[in-house]
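The values are calculated or read from the model by the stated rules, or taken from the named source; none is laboratory data. This is a predicted model, so every value here is computed, not measured. Here Cβ is always computed from backbone atoms with ideal geometry, including for glycine, and neighbour counts include all displayed protein chains. We work out accessible area using only protein heavy atoms, side chains counted, and drop any ligands, DNA or RNA first. Shrake-Rupley method; radii C 1.70, N 1.55, O 1.52, S 1.80 Å.
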Amino acid sequence: MAKKSEKDKEKKEKKAKKKLKKAGEKSSKKGKGAGKKSIETSTKERLEMIATAAYYIAQKHGFDPQRAREDWHEAEQQIDAMLESGEVD
């Protein structure tokens with residue numbers, strides 16, 4: 001029984017991450033021209049970083065689907081600030 005609930009949890013997390021990414025892509029299209037980044041990253045790399053950050057932000061909020069856009073926007077702000085400051089490991 002524990003394996004099933006773990007699989008359900010993983011499935012739910014994947015679904016939430018996919019939903020966040022989709023919401024973020026819509027948000028990113030609206031927010032084009034966010035400014036030149038001081039660290040060169042491709043659009044794909046930036047979106048992957050944002051998706052990862054949004055996943056952890058959503059996890060903090062219990063993967064609430066009502067917060068998908070807010071979580072993605074918060075992740076965008078965090079990643080863009082990090083890229084502009086040059087604080088990338």
I'm trying to understand the selection: among the residues of segment 59-89, which are small (G, A, S) and more than 10 Å from the chain's Cα centre (by Cα)? G62, A81, S85, G86
Result of the Cβ filter at 7 Å on segment 47-68, keeping first residues that are open to solvent by 30 Å² or more (accessible area, probe 1.4 Å) and partners that are not in a helix (DSSP H, G or I), at least 6 apart or interchain, is R67/H61
Which ranges mark the helices (runs of 4 or more DSSP H) fully within the chain that have 3 or more residues being at pLDDT below 75? 2-30
